[in-house]
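Engineer: What follows is a structure written as structure tokens; I'll ask about it next.
The values are calculated or read from the model by the stated rules, or taken from the named source; none is laboratory data. Quantities reported herein were computed from a predicted structural model and do not represent experimental measurements. Here the Cβ positions follow ideal geometry from the backbone for every residue, glycine too, while neighbour counts run over all protein chains shown. Ligands, DNA and RNA are excluded from the accessible area calculation, which covers all protein heavy atoms including side chains. Shrake-Rupley method; radii C 1.70, N 1.55, O 1.52, S 1.80 Å.
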Amino acid sequence: MTAPALVLPFGVTLPPLARLMNAAKAAQESRTRNATLSLHMQLYNGDLWADGKGWSGPRPDPLRDQSPSNAAYVLSEIQRTFVSRNPAKDIVERHQSGVAGREPLYSVLFRDGRKPGTAEAKRLDEYTRALTDWWEDSGAWPAVQSALRTALVTKAGSIRLYIFGGSLADITDAQGRPARGIPRGLSLSDAARRVSIHAPRWDQAGVTRDRDGHVTGAYHTYVNDVGQPRWEVHERVAGGTLVHPDMLSGGTDNVEPTFYPVPDLMLYELQLDPIITDSVRRLILAANKTLTMGSRNIDLGGFVERTILNGQMPGEFKDDPKTPGKKRFVPHPLNVGAGATNYVIGVPLSELDAKGKMVPSGGLTTPSIVYKDPTVYDVFKMSFDQLREAILDEANQLHVLIAGDASASGVSRQQAVNDFLSSLEPTRIVLEQLLKWLLDTVLRLALHFTGRTSEIDAVRVRVQARMSVVQPTPAEIDIAIKLHEAGLISEESAMGRVGIEDVDAERATRQAEGITPALALKILDKAPTWIGVRALQLAFPALGITDEDVQLHRDMELAPPTGPADLALEENPEDGPKTGADGLSATADAATAAD
């Protein structure tokens, strides 16, 4: 039962921390009591039955049937034969992988945009290395992906930063008292490693907001080592955040709060439009009902139901102990299975005699048997396929079906991919905002722990999410290459079409790689010979091509052209016959011409 609201006299307000605690309780209660969010999380986590809420087909009514035990038995049989798939997890993880499948790119820049000098560039490199060391050691990326998936299912996900107790050391505080804290003399990377990251469950954490939607604080609920519920409350104060790590539900601190010089709290909530909407949930339930009914139909096909009409079951008449002097029919078991043989005769017919009594007529009915054929399974298969297509359409993921459809055109596939990319854009924006807060906060804490607080406000972190949607087909890659070779699109556009997102990094990698054998052969085919020889020298060192060989080919190709030979040569009797350019004597040439 919820406690009655506290009514204060006019003009009296609660202290800020008490107001924050009340707002945190209200936000937590609103979230945990939302049955729809709870059901969506159950479906995503694989509990497709969800205590019966995952079954949308007919179910027994214990009040109408006046048999609660029979209703419970029928429902248990439905649960026992319940067949399901998990499209909720499929569409959520595909969306998450599309926008956060690859680790992001980030760098540290000066806030005013100035280009750093030599010393400043080293300082920026130190910041980046510290963030990279923290990113690789803390498990930040899986936590971010988890928070993103939670937001896609339940509208909101949280990332929480905290200082793990095991990373603290025995120190002396400002008053000279022994305490536990961050030791001095740490490098920036070691200081950053003291920060731990946590992605709370969907119903454990969140933020509080004012009437205009501005974040006023944050909370995280947990159970301590002895099973007692506790609250961690983040309070905005002048110059940073005051974290109350251990509070009772009444608002009393069990541990002294800690101040951190971070303006945007130590807990971040990202909000997204959920991908599991009301219509998607209904489609999922209908799909699992179709699978269950299809499985039931297989049972009916394997164990065909049959009805015998006008047939007397095998048996015999025995004395009826309840009616002395009369007999009753006691049927024998009906044999079923391979090789079984049963004899069924007709039921004796009766007629009215002259006195109006029913007496045997001596005739028998003609027995017949009726089989109840199951529904053709194609009905269930087609129904499930249509429901799956509708689910993917709702999630803007139709490209998954088109990728395996040989009849779909390339234009249809590209259109479906574009729709998926468009649906990822809002998520990308929210993800980059989260990553900026995360890396900026970690850097601020590291500088604070190393006594370099004055450097905090001069820099900022730039983040770029790298989307990874679908791999282009060979035909699409070929078209991109031809368009680039024809000069219709830029190299950057061509790289984007073939799936290369970070063009600058690819260019740097290509430059560091140098001339490859494949590129050398291509240059040899297209370029002048001496350039091709130079490419072969770089790509195939084993050929032993020297710089002199390259220079020789270059000189031969770039030498100026030779003028025509002068055929009008004068004979000098003293010097003998003149020799022409081809090595023949001028006299011989003249004789040949005369002939």
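Engineer: Ala465 passes all but one of (1) part of a loop (DSSP other than H, G, I, E, B); (2) open to solvent by less than 40 Å² (accessible area, probe 1.4 Å); (3) in contact (Cβ under 8 Å) with a residue 24 or more places away in the chain; which number fails?
Structural biologist: Against the list (1) part of a loop (DSSP other than H, G, I, E, B); (2) open to solvent by less than 40 Å² (accessible area, probe 1.4 Å); (3) in contact (Cβ under 8 Å) with a residue 24 or more places away in the chain, Ala465 comes up short only on (1).
Engineer: Hey, can you tell me all the residues within the stretch 337-378 that are within 21 Å of Gly302 (Cα to Cα) and among the hydrophobic types (A, V, I, L, M, F, W, C)?
Structural biologist: Going residue by residue through the stretch 337-378, those that are within 21 Å of Gly302 (Cα to Cα) are 337-342, 369-378.
Once the filter is applied, which keeps residues that are within 21 Å of Gly302 (Cα to Cα) and among the hydrophobic types (A, V, I, L, M, F, W, C), the stretch 337-378 yields Ala338, Ala340, Ile369, Val370, Val376.
Engineer: Can you go through Leu242, Leu265, Leu285, Leu270 and tell me which one is touching a Phe, Trp or Tyr at 6+ places or on another chain (Cβ under 6 Å), surrounded by 14 or more Cβ atoms within 10 Å (Cβ to Cβ) and at pLDDT 90 or above?
Structural biologist: Step by step, each of Leu242, Leu265, Leu285, Leu270 is checked, and only Leu242 is touching a Phe, Trp or Tyr at 6+ places or on another chain (Cβ under 6 Å), surrounded by 14 or more Cβ atoms within 10 Å (Cβ to Cβ) and at pLDDT 90 or above.
Engineer: Starting from the stretch 505-523, take each residue that is farther than 17 Å from Leu543 by Cα and part of a helix (DSSP H, G or I) and list its partners that are open to solvent by less than 90 Å² (accessible area, probe 1.4 Å) and hydrophobic (A, V, I, L, M, F, W, C), counting only C-beta distances under 7 angstrom and pairs at least six apart or across chains.
Structural biologist: Going by the 7 Å Cβ cut-off, the qualifying pairs are Glu506/Met495; Glu506/Ile500.
Engineer: Can you name every residue in the stretch 147-175 that is open to solvent by 10 Å² or more (accessible area, probe 1.4 Å) and not in a strand (DSSP E or B)?
Structural biologist: If the condition is that a residue be open to solvent by 10 Å² or more (accessible area, probe 1.4 Å) and not in a strand (DSSP E or B), then Arg149, Thr150, Lys155, Phe164, Gly165, Gly166, Ser167, Leu168, Asp173, Ala174, Gln175 are the ones that fit.
Engineer: Output yes when any residue across the stretch 38-46 is closer than 19 Å to Thr221 by Cα and of a type outside the set (Asp, Glu), and no when none is. Give the derivation first.
Structural biologist: We begin by selecting, within the stretch 38-46, every residue closer than 19 Å to Thr221 by Cα; these are 38, 41.
If we keep only those that are of a type outside the set (Asp, Glu) as well, we get 38, 41.
The answer is yes; a qualifying residue exists.
Engineer: Looking at Leu434 and the list (1) modelled with pLDDT of 95 or more; (2) open to solvent by 40 Å² or more (accessible area, probe 1.4 Å), which single condition is not satisfied?
Structural biologist: Among (1) modelled with pLDDT of 95 or more; (2) open to solvent by 40 Å² or more (accessible area, probe 1.4 Å), Leu434 violates only (2).
Engineer: Just the residues that are crowded, with 20+ Cβ neighbours inside 10 Å and part of a helix (DSSP H, G or I), please, taken from the stretch 438-462.
Structural biologist: Of everything in the stretch 438-462, those that are crowded, with 20+ Cβ neighbours inside 10 Å and part of a helix (DSSP H, G or I) turn out to be Leu438, Leu439, Asp440, Thr441, Val442, Leu443, Arg444, Leu445, Ala446, Leu447, Phe449.
Engineer: Does Val12 satisfy the criteria of being of a type in the set (A, V, I, L, M), open to solvent by 80 Å² or more (accessible area, probe 1.4 Å), farther than 23 Å from Asp203 by Cβ and modelled with pLDDT under 95? Lay out the reasoning, then the answer.
Structural biologist: Details: of a type in the set (A, V, I, L, M): yes; open to solvent by 80 Å² or more (accessible area, probe 1.4 Å): no; farther than 23 Å from Asp203 by Cβ: yes; modelled with pLDDT under 95: yes.
For Val12, the condition - of a type in the set (A, V, I, L, M), open to solvent by 80 Å² or more (accessible area, probe 1.4 Å), farther than 23 Å from Asp203 by Cβ and modelled with pLDDT under 95 - is not met.
Engineer: Here's another thing I want to ask about it. Any chance the stretch 118-129 includes a residue that's assigned to a loop (DSSP other than H, G, I, E, B), open to solvent by 30 Å² or more (accessible area, probe 1.4 Å) and more than 16 Å from Lys436 (Cα to Cα)?
Structural biologist: No, the stretch 118-129 has no match at all.
Engineer: Tell me which residues, restricted to the stretch 21-71, are closer than 29 Å to Glu235 by Cβ, open to solvent by less than 20 Å² (accessible area, probe 1.4 Å) and within 24 Å of the chain's Cα centre (by Cα).
Structural biologist: The one that is closer than 29 Å to Glu235 by Cβ, open to solvent by less than 20 Å² (accessible area, probe 1.4 Å) and within 24 Å of the chain's Cα centre (by Cα): Leu37.
Engineer: All but one of (1) hydroxyl-bearing (Ser, Thr, Tyr); (2) in a strand (DSSP E or B); (3) within 30 Å of Glu93 (Cβ to Cβ); (4) open to solvent by 40 Å² or more (accessible area, probe 1.4 Å) hold for Thr221; state the number of the condition that does not hold.
Structural biologist: In the conditions (1) hydroxyl-bearing (Ser, Thr, Tyr); (2) in a strand (DSSP E or B); (3) within 30 Å of Glu93 (Cβ to Cβ); (4) open to solvent by 40 Å² or more (accessible area, probe 1.4 Å), Thr221 misses (4) alone.
Engineer: OK, next. Filtering the stretch 370-380 down to residues that are open to solvent by less than 80 Å² (accessible area, probe 1.4 Å) and among the aliphatic types (A, V, I, L, M), which residue is modelled with the lowest pLDDT?
Structural biologist: Within the stretch 370-380, the match that is modelled with the lowest pLDDT is Val370.
Engineer: Okay, moving on. Going through the stretch 458-471 one residue at a time, which ones are modelled with pLDDT under 90 and of a type in the set (A, V, I, L, M, F, W, C)?
Structural biologist: Within the stretch 458-471, Met467, Val469, Val470 qualify.
Engineer: Looking at Gly356, is it free of Cβ contacts under 8 Å to residues at least 24 places away in the same chain, under 30 Å from Trp55 (Cβ atoms) and open to solvent by less than 60 Å² (accessible area, probe 1.4 Å)? I'd like the intermediate steps shown before the answer.
Structural biologist: Details: free of Cβ contacts under 8 Å to residues at least 24 places away in the same chain: yes; under 30 Å from Trp55 (Cβ atoms): no; open to solvent by less than 60 Å² (accessible area, probe 1.4 Å): yes.
It is false that Gly356 is free of Cβ contacts under 8 Å to residues at least 24 places away in the same chain, under 30 Å from Trp55 (Cβ atoms) and open to solvent by less than 60 Å² (accessible area, probe 1.4 Å).
Engineer: So which strands (runs of 3 or more DSSP E) stay within the stretch 292-364 end to end and still have 2 or more residues that are at pLDDT below 85 and within 60 Å of the chain's Cα centre (by Cα)?
Structural biologist: By residue number, 305-309.
Engineer: What single numbered condition from (1) within 53 Å of the chain's Cα centre (by Cα); (2) modelled with pLDDT of 85 or more; (3) not polar (S, T, N, Q) fails to hold for Asp549?
Structural biologist: (1)
Engineer: May I pose another question? Search the stretch 418-458 for residues being under 25 Å from the mean Cα position of the chain (by Cα) and among the acidic types (Asp, Glu), and hand back the single one that is farthest from Val108 (Cα to Cα).
Structural biologist: Here the answer is Asp419.
Engineer: Turning to a different aspect of this structure: Could you pull out every one of the strands (runs of 3 or more DSSP E) wholly within the stretch 239-282 that has 3 or more residues that are hydrophobic (A, V, I, L, M, F, W, C)?
Structural biologist: The strands (runs of 3 or more DSSP E) meeting that bar are 240-247.
Engineer: When you scan the stretch 74-106, how many residues do you find that are touching a Ser or Thr at 6+ places or on another chain (Cβ under 9 Å) and either under 19 Å from Gly54 (Cβ atoms) or not in a helix (DSSP H, G or I) (or both)?
Structural biologist: Narrowing the stretch 74-106 to residues touching a Ser or Thr at 6+ places or on another chain (Cβ under 9 Å): 78, 81-84, 95-102, 106.
Adding the requirement that they be either under 19 Å from Gly54 (Cβ atoms) or not in a helix (DSSP H, G or I) (or both) leaves 78, 81-84, 101-102, 106.
Number satisfying all stated conditions: 8.
Engineer: Tell me the residue from Asp203, Asp212 that is of a type outside the set (Val, Ile, Thr), in a loop (DSSP other than H, G, I, E, B) and within 12 Å of Gln28 (Cβ to Cβ), please.
Structural biologist: Among Asp203, Asp212, only Asp203 is of a type outside the set (Val, Ile, Thr), in a loop (DSSP other than H, G, I, E, B) and within 12 Å of Gln28 (Cβ to Cβ).
Engineer: Scanning for something of a type in the set (Gly, Ala, Ser), under 17 Å from the mean Cα position of the chain (by Cα), surrounded by 15 or more Cβ atoms within 10 Å (Cβ to Cβ) and closer than 30 Å to Ser279 by Cβ, does the stretch 81-92 turn up at least one residue?
Structural biologist: Checked against the condition, which is being of a type in the set (Gly, Ala, Ser), under 17 Å from the mean Cα position of the chain (by Cα), surrounded by 15 or more Cβ atoms within 10 Å (Cβ to Cβ) and closer than 30 Å to Ser279 by Cβ, the stretch 81-92 yields at least one hit.
Engineer: Additional query: Would you check if there is a residue in the stretch 472-480 being assigned to a helix (DSSP H, G or I), at pLDDT below 80 and in contact with a Lys or Arg (Cβ under 9 Å, 6 or more places away or on another chain)?
Structural biologist: Within the stretch 472-480 (the criterion being assigned to a helix (DSSP H, G or I), at pLDDT below 80 and in contact with a Lys or Arg (Cβ under 9 Å, 6 or more places away or on another chain)), the answer is yes, since at least one residue qualifies.
Per-residue answers, yes or no, for (1) under 18 Å from Thr365 (Cα atoms); (2) open to solvent by 60 Å² or more (accessible area, probe 1.4 Å); (3) free of Cβ contacts under 8 Å to residues at least 60 places away in the same chain; (4) touching a Phe, Trp or Tyr at 6+ places or on another chain (Cβ under 9 Å):
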position	(1), (2), (3), (4)
Ile308	yes, yes, no, no
Gly315	yes, no, yes, yes
Asp320	no, no, yes, no
Pro324	no, yes, yes, no
Lys327	no, yes, yes, yes
Val330	no, no, yes, yes
Pro333	no, yes, yes, no
Glu351	yes, yes, yes, no
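Engineer: Inside the stretch 381-396, can you point out the residues that are part of a helix (DSSP H, G or I) and open to solvent by less than 40 Å² (accessible area, probe 1.4 Å)?
Structural biologist: Phe384, Leu387, Ala390, Ile391, Leu392, listed by residue number.
Engineer: Still on this structure: Across the stretch 482-525, what is the number of residues that are surrounded by 13 or more Cβ atoms within 10 Å (Cβ to Cβ) and either over 22 Å from Arg102 (Cβ atoms) or of a type in the set (Gly, Ala, Ser) (or both)?
Structural biologist: 15
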